[in-house]
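The values are calculated or read from the model by the stated rules, or taken from the named source; none is laboratory data. Model, not experiment: these values are computed from the prediction. Here the Cβ positions follow ideal geometry from the backbone for every residue, glycine too, while neighbour counts run over all protein chains shown.
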Amino acid sequence: MFSIPSSSRETEPTKSTTTIRYLAADFPMLTNRSISSSPFTPDFAHEPPAECTNNGRTGIIADKRAISSRAASDSICKAQGSQHYHDIRKSSCSSVKEEEGGIAQSFYESVNASVPPSPDAVHNVGSPNGAGTCDCCCRCGRSPNWQPVGPGRKRRSKSYTALRTGISELSGWDLELPRRQEPAEIQVEKSYRPGEAPIERLPVEVLDEVIAQLALDIPPAGYGPRNVDLVACLLTSKTFHVATINTLYRQITLPHSSIFAKFLHHISECPGLGTIVRRLDLSHTTSVGLGRSRQTNAEVQNLTSRTLLRCLELIPAVQEVLLQENLDDDIDENVLRKLFFGLPKLRAIDFCASASSSFVDAFTSTLTTLTDSPSTMLNIRRLGIHECFTLPSSALETLLPHLPQLTHLEVSHTRITDEALMSLPASATLSHLNLGRCIYITGEGVVDFLTTHPAVRSLVYLNLSCDISRYRLLSDTDLDRLLPALPSTLRSLNLNGAQIQPRHITQLMPLTKHVEELGLACANLSLADINTFFRQPGPSPNHNHHQQQQQHQPPWLRPALHYLDLTAIPAVTQSSLFNTPAPSNILLTPATLPLEVVELGDKAISSLRECKNTNKRLGWVVKELGRRGWYVRDPVAGAGGNGPGATTGRRAWKMGAMWWGMRKVPVAWGEVGGLYGHYMFKK
């Protein structure tokens, strides 16, 4: 049975270093929240300690004094010589995880993530004889071929070459001098009365943010213990218990139906906890890897339309509900009516890729309420129906006029029409709009909407991509009308598939001064045209005319571009990138900074993958994920380590995503993962 334990140490004096005990089996569903006010999220999780039994579900950390279970777990693993004591973040099954460290566009599949080995275990620095061993020449200054040299300096290494190349960076490279022994730290314990420890006396808001750093946006794989740090905080003191409860229940992330059932059972017994919930995240929910078929899941009856409706009734203050295609059969008319009309504080909802016939019927039937009551307005501000291509056009034409506060509209690959776009209320203030691969809209209608409608005057993200094998959205004349009218607030512009000609370079040039990512796939441009974005105009042959021109024109500004999508441009190939000398081609040189990511097609990426030495010399690397491939500037080799190229792609308008070129608009601030990560970066 799932229960929240109260502190068992309230009658004892609280110490600054407290023995931590936790029971992970009692908390299989405790989840986390994201911090919308902070641009950073914690990037650690850890394996259960070595003493854990029952497959890691229960365990006690004893005789290790630590503030959190993380420190205790590390100490135990180090003491036992474990090579896996380092903390890594676990993520959900089938999720796309962005790597916090490393270079831009650095992804890995979470299910293949490995634990880095312990440096102390590899190098055996702490061996009793003080000499230590190492399996290779490295900066630690140890090698099997090296012999220890005593204070008398009478013995040298048997391998002079290994010695010279291995520790040439160390002073006195030909001798290994004794290392000075640092005195061990003396830990002084000080007792405090309950509730009077320094950390407990912090303001409630500050302590709440401190504890929230222990929460995870991405749930761990399988049924392993989750949020063990937060569970440890629950048992520390009354002050910690109250602050941790808020963190645990503010954002609920449920990767499996069985965990959903436990969560539902608990808030049914303790309704007060349901009022804390602000986000219900089911974007990670999947049965992949659990050995269950779709029929088996239907028989389990943990997550059904009935239980989902019951859950929504117990979380009346929820503000964000994230759903997806694995649940579309469980989203019936009663659930949709509760979402649209029964949760007055709901601000964001995502139905990503829901396309089953039962979902479409329920969605259409629910909107009849709006047809019967035209004056009804919804409080939803962020709406995501990405890849819901089976929804009829009439459903969107009915829904959009009733969203007066809309800021994010994700309708990529849907049947949205020009009439539905124009029906948006004038009071809406769209900052994110994704119309990618929508074949029921016309170029003329989209341009009319973007140039005349008051809801799009402050756009930040705009996706107008299309698949030219089926449909071309924007013609060259449409671009002549659209490009000069785009607002200066724009940071991401995707024109993939548009009929871009060389004459549009002059219209795109002003946009590159504030747009950070630009999609030009299938454009009719040469490599020289693309280089024009980054090249400062040269002096005119007429010196007097050049002076007059300088007086009337503002100074040249470096482009703000970090990302370029050059997929399917015939002029951009591995041969043209490498064989066109500077100054004709400066695309891969530091002169184009802050440009750090160039997306290319399969053919170009395959050719670049084979040129490892040239890539290393130029300071670029190839990255691939799913169907996409990027040529990425190495921040160390290409930007001097700490230069502009070493920065991450984290921006406020990405709402938690770090890397460039996202193709799905998020409706909630959080780390990328699960099915949303698949549609955002892999597809």
Elements of type strands (runs of 3 or more DSSP E) contained in the stretch 484-601, each with 2 or more residues being surrounded by 15 or more Cβ atoms within 10 Å (Cβ to Cβ), more than 32 Å from the chain's Cα centre (by Cα) and at pLDDT below 95: none
Hits in the stretch 309-361 (condition: more than 27 Å from residue 393 (Cβ to Cβ), touching a helix residue (DSSP H, G or I) at 6+ places or on another chain (Cβ under 6 Å) and in a helix (DSSP H, G or I)): 309, 311, 312, 314
Residue match in the stretch 631-643 (condition: modelled with pLDDT of 90 or more, more than 19 Å from the chain's Cα centre (by Cα), surrounded by 24 or more Cβ atoms within 10 Å (Cβ to Cβ) and not aromatic (Phe, Trp, Tyr)): yes
Residue among 462, 479 that is in a strand (DSSP E or B), modelled with pLDDT of 95 or more and within 29 Å of residue 628 (Cβ to Cβ): 462
Close pairs from the stretch 353-374: first more than 27 Å from residue 664 (Cα to Cα) and of a type in the set (Phe, Trp, Tyr), partner buried (at least 19 other Cβ atoms within 10 Å of the Cβ) and at pLDDT 95 or above, Cβ under 7 Å, at least 6 apart: none
Filter result for residue 239 (in contact with a Gly (Cβ under 7 Å, 6 or more places away or on another chain), in a helix (DSSP H, G or I) and either of a type outside the set (S, T, N, Q) or crowded, with 19+ Cβ neighbours inside 10 Å (or both)): yes
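When the stretch 608-635 is examined, which residues are found to be among the basic types (Lys, Arg) and free of Cβ contacts under 8 Å to residues at least 12 places away in the same chain?
612, 617 - these are the residues of the stretch 608-635 that are among the basic types (Lys, Arg) and free of Cβ contacts under 8 Å to residues at least 12 places away in the same chain.
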Tabulated pairs, the stretch 253-278, first among the charged types (D, E, K, R), second in a helix (DSSP H, G or I), C-beta under 7 angstrom, 6+ apart or interchain: 278/250
Total residues in the stretch 433-446, condition part of a helix (DSSP H, G or I) and either modelled with pLDDT under 95 or among the hydroxyl-bearing types (Ser, Thr, Tyr) (or both): 0
Selection within the stretch 502-519 - touching an Asp or Glu at 6+ places or on another chain (Cβ under 6 Å) and under 20 Å from residue 601 (Cβ atoms): 519
Yes/no for residue 285 being under 16 Å from residue 670 (Cβ atoms) and either polar (S, T, N, Q) or modelled with pLDDT of 90 or more (or both): yes
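Would you confirm, using the coordinates I've provided, whether residue 480 is surrounded by fewer than 17 Cβ atoms within 10 Å (Cβ to Cβ), among the acidic types (Asp, Glu), free of Cβ contacts under 8 Å to residues at least 60 places away in the same chain and in contact with a Lys or Arg (Cβ under 7 Å, 6 or more places away or on another chain)?
It is false that residue 480 is surrounded by fewer than 17 Cβ atoms within 10 Å (Cβ to Cβ), among the acidic types (Asp, Glu), free of Cβ contacts under 8 Å to residues at least 60 places away in the same chain and in contact with a Lys or Arg (Cβ under 7 Å, 6 or more places away or on another chain).
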Residue in the stretch 610-620 that is β-branched (Val, Ile, Thr), part of a helix (DSSP H, G or I), surrounded by 17 or more Cβ atoms within 10 Å (Cβ to Cβ) and at pLDDT 90 or above present: no
Some residue of the stretch 188-200 being modelled with pLDDT under 85 and either of a type in the set (Lys, Arg) or under 25 Å from residue 350 (Cα atoms) (or both): yes
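Let's see how each residue does on (1) without any contact (Cβ under 8 Å) to a residue 60 or more places away in the chain; (2) surrounded by fewer than 21 Cβ atoms within 10 Å (Cβ to Cβ); (3) in contact with a strand residue (DSSP E or B) (Cβ under 8 Å, 6 or more places away or on another chain); (4) part of a loop (DSSP other than H, G, I, E, B):
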site	(1), (2), (3), (4)
388	yes, no, yes, yes
394	yes, yes, no, no
405	yes, yes, no, yes
427	yes, yes, no, yes
448	yes, yes, no, no
Residue in the stretch 346-358 that is surrounded by the fewest Cβ atoms within 10 Å (Cβ to Cβ), counting only those that are closer than 16 Å to residue 281 by Cα and not polar (S, T, N, Q): 347
Positions within the stretch 450-470 being among the hydroxyl-bearing types (Ser, Thr, Tyr) and loosely packed, with under 15 Cβ neighbours inside 10 Å, in sequence order: 451, 452, 458, 469
The stretch 252-269: number of residues that are at pLDDT below 90 and of a type outside the set (Ser, Thr, Tyr): 4
Complete set of residues in the stretch 322-335 that are closer than 26 Å to residue 677 by Cβ and surrounded by fewer than 20 Cβ atoms within 10 Å (Cβ to Cβ): 325, 329
Checking residue 420 against (1) assigned to a loop (DSSP other than H, G, I, E, B); (2) small (Gly, Ala, Ser); (3) surrounded by 21 or more Cβ atoms within 10 Å (Cβ to Cβ), the condition it does not meet: (1)
